Amino acid sequence: MAADSEPDAPGAIWCPSPNHGPRRHGGAPSLIVLHYTAMARAEDALARLCDPDPPDGLGPVSAHYLIGAEGRIWQMVREADRAWHAGAGNWAGCTDVNSHSIGIELSNTGASPFAAAQMQALERLLPGIMARWAIPPAGVIGHSDMAPGRKSDPGARFDWRRLALQGLALWPETTAETTADVGDFAADLARIGYRVPESADPEALLLQSFRQRFRPFARGPLSDADRSAARALALACG
C-alpha cells in the first residue's frame, strides 16, 4: 500500500477522512458515483467529509475524492476502502452501493454549471480509476440514478455527454433502429441498471431520474423520445 502521503490518483492532495471502513462482501469496486456537494465552498465540503462528529444530529459522511471548481483534487479515502457517500439506493440489483463504488464529490451547489477546470480535472481523474478497477463507462453513474426521488445530484447542469464522448460514461446516441423500435421503457431501464423505488408513484420517479440525466429539458408524460433513448442505452449495456 502507498504511504499515507501518497494518494491513489497522481496529483491529488491526500486529506484523510476518518469516515470509512472495509468494503463489505469482498471484491473490488464496480461503480463510480458522481455527486455535487450542495455547498458554496469546496473547503467547507472538505471539512464536512472529514468530520467524524458533525453537528445538528447529522451523520458522518465521506467520499473518495472531492474536486474544487478550480480543478483541485483532494483524496480522503483510499480507493480500496469503503467511503460513506451513497446511502440507501439500488443500482443493477446492488443495494450496498458504498461497498461497490468509488464516490467523487464535485464542489457545486446544483444551481450553476460545472466549471471548465473542474470538468477537466474529472476527465483526468476518471480514466485512472476506471483502469485500476476495470470499471466500464456504464459503471459511471449519478447519485440520482441509484436513489430516484431521494437524490438529485449531480443534476441537470452536469454534462454527461461530454464524458461519454471521451468513453467515460454512457449517452444515448439514437439511431434509425432505436427510433423505429422504441421498446419497453421499464424493461430497458432495468437493463441499464435502474430499479423501481419504493414510492406511491415509482414510474414517475424513474422517468424523472432518467430524464434528469439523459433528457434534462424534457417535460410531460413518457414520450417516444424517452423510450428511444432508453432503448439506445439498453443496447449499449449489452
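Listing for the model above:
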| quantity | calculated |
| --- | --- |
| Distance cut-off 25 Å, percentage of C-alpha pairs in the chain lying past it | 40 |
| For region 114-235: accessible area per residue (Å², 1.4 Å) | 46 |
| Rounded to 5, the percent of DSSP beta bridges in region 15-125 classed as antiparallel | 40 |
| Residue-level accessible surface for H25, protein heavy atoms, 1.4 Å, Å² | 140 |
| Rounded accessible area of D159 (nearest 10 Å², 1.4 Å probe) | 70 |
| Region 165-238: trypsin sites (Lys or Arg not before Pro) falling in loop per DSSP and having at most 14 other Cβ within 10 Å | R219 |
| Inter-probe distance in nm under a simple model that places probes 7 Å from Cα toward Cβ, at D159 and R132 | 2.6 |
| For peptides 196-209, 47-60, sequence by mean Cβ density within 10 Å, most packed first | 196-209, 47-60 |
| Per-pair calculated FRET efficiency, R0 = 30 Å: D56 and D96 via Cβ, rounded to 0.05 | 0.70 |
| Cβ-based net charge around L49, under 12 Å, with every Lys or Arg adding one and every Asp or Glu removing one | -3 |
| Helix-derived mean residue ellipticity, 222 nm - over the chain, DSSP H n ≥ 4, -39500 (n - 2.57), to 500 | -9000 deg cm²/dmol |
| Inter-label distance, nm, simple model (7 Å from Cα along the C-beta direction), A117/A38 | 2.7 |
| Extension gain from A88 to C15, taking 0.36 nm per residue of separation minus the Cα-Cα distance | 23.7 nm |
| Relative contact order (percent, whole number), the chain, Cα cutoff 8 Å, 6+ residue spacing | 20 |
| Anisotropy class of region 79-185 from Cα gyration tensor, a/c 1.5 cut | rounded |
| Probe 1.4 Å, accessible area per residue of region 1-63, Å² | 56 |
| Share of carbon and sulfur in the accessible heavy-atom surface of the chain [1.4 Å probe, %] | 55 |
| Potential extension, R124-A218 segment - 0.36 nm per residue separation minus Cα distance | 30.8 nm |
| Relative contact order for region 112-222, counting Cα pairs under 8 Å that sit 6 or more residues apart, in percent | 28 |
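The values are calculated or read from the model by the stated rules, or taken from the named source; none is laboratory data. As the structure is a computational prediction, the values presented were derived from the model and not from experiment. Note that we place each Cβ from the backbone using ideal geometry, even for glycine, and neighbour counts take in every protein chain shown. The area values use the complete protein model at the heavy-atom level, side chains included, leaving out ligands, DNA and RNA. Shrake-Rupley method; radii C 1.70, N 1.55, O 1.52, S 1.80 Å.
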